[in-house]
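Working notes for the structure below.
The values are calculated or read from the model by the stated rules, or taken from the named source; none is laboratory data. Just so we're clear, the structure is a prediction, and the values are computed from it rather than from any experiment. When we count neighbours, we look across all protein chains shown, and the Cβ atoms used for this are built from the backbone with ideal geometry, even at glycine. With ligands, DNA and RNA removed, areas are computed over all heavy atoms of the protein, side chains included. Shrake-Rupley method; radii C 1.70, N 1.55, O 1.52, S 1.80 Å.
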Amino acid sequence: MQLTIDTGLSTRLLRIVADPQAVDDLRTFYQEGPPSTGHPGRWFEQIGTPEEQDRNRDRLTADDIVALSALNIRLPITVSARLLGPDAAEISELLTTIPADADLWAVPRSELSPRSPAYRLFTKFRAMAWNGGEHGTAGVTASKLLARKRPRLIPIYDHQVSQLIDLGKGASWWISLQEALTAEVRDHLERAHEVAELGPRITVLRTLDVILWMRARHTG
């Protein structure tokens with residue numbers, strides 16, 4: 001399968017992440033307060049302690065299912081039961097072959113290809129969500145679940161980000177983003193992360209996701 005790259009994505013990203021609004025949006029999104037206040041998405045990384053997340057990096061847990069609700073994803077019980085039951089061993093087997101401590105921009109492109117374990121697991125998650133009735137958002141659910149397990153490697157892609165980024169027709173999101181995350185773009189992201197005083201559980205990739213999602217809300 002030929003992978004198409006949106007070569008203009010880096011320029012569009014740089015314009016967004018270099019805008020001072022990016023830091024304001026990060027602060028707004030991650031504003032601390034009681035659970036009933038602020039944006040619910042800030043809890044996505046916080047469900048489960050860092051030690052628990054590290055210990056369970058190669059298996060799905062109930063915490064992962066709960067964490068999806070922070071991003072407005074509520075899986076049908078039939079799908080959750082399969083994820084944690086009959087399909088758990090296959091999912092864990094695939095997760096063990098997907099880099100857990102590598103960043104998207106640093107991995108070989110083969111790790112992102114349609115034949116890669118990451119893409120195979122994405123496809124499995126997407127099919128399970130589709131079969132569970134999420135016909136319009138199966139891909140979104142899959143990207144969020146995989147991003148929960150590999151937050152440094154897999155970017156979230158939902159309707160808001162899609163509308164904002166306007167990825168070229170037929171272009172691969174993963175491959176295009178890998179190409180677009182130049183040193184300059186990453187420098188802006190790391191600076192925004194530092195200035196917004198985000199903790200170590202928020203990865204550079206998640207920082208970008210929040211910036212894009214918040215910007216989409218402003219422009220939508």
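Quick notes
- Taking N as its residue count, the alpha carbon Rg of the chain over 2.2 N^0.38 Å: 0.97
- For segment 1-96, the solvent-accessible area with a 1.4 angstrom probe is 57 square angstrom per residue.
- Solvent-accessible ranking of TRP213, TRP43, TRP174, largest area first, probe 1.4 Å: TRP43, TRP213, TRP174
- Rolling a 1.4 Å probe across all protein chains gives PHE44 an accessible area of roughly 10 Å².
- Here the gap between ALA106 and ASN131, fully extended at 0.36 nm per residue and compared with their Cα-Cα distance, gives a gain of 5.6 nm.
- The orientation-averaged projection of the convex hull spanning the C-alpha atoms of segment 130-212 amounts to 6.2 square nanometres.
- Set of lysines with alpha-carbon distance to LYS169 below 27 Å, sequence-local pairs under 8 removed: LYS124, LYS144
- Only helices enter the 222 nm calculation for the chain: every DSSP H run of n ≥ 4 contributes -39,500 (n - 2.57), and dividing by all residues gives -16000 deg cm²/dmol, rounded to 500.
- Three-way shape label, segment 1-86, alpha-carbon gyration tensor, a/c 1.5: oblate
- Label-to-label distance, nm, for residues given as THR97 and GLN163 (7 Å Cα→Cβ offset): 3.8
- Sequence of HIS39, HIS188 from largest to smallest accessible area, 1.4 Å probe: HIS188, HIS39
- A 1.4 Å probe run over segment 102-194, with the rest of the protein chains in place, finds 44 Å² accessible per residue.
- Placing a pseudo-label 7 Å from each Cα along the Cα-to-Cβ vector at GLN21 and LEU3 gives an inter-label distance of 3.1 nm.
- Net lengthening on full extension, ARG59/ARG217 (0.36 nm per residue, minus Cα-Cα): 53.6 nm
- HIS218 accessible area, 1.4 Å probe, all protein chains in place, Å² to nearest 10: 110
- Within the accessible surface of segment 172-220, defined with a 1.4 Å probe on protein heavy atoms only, the carbon and sulfur portion equals 46 percent.
- Length-normalised contact order of the chain in % [C-alpha pairs under 8 Å, at least 6 apart]: 33
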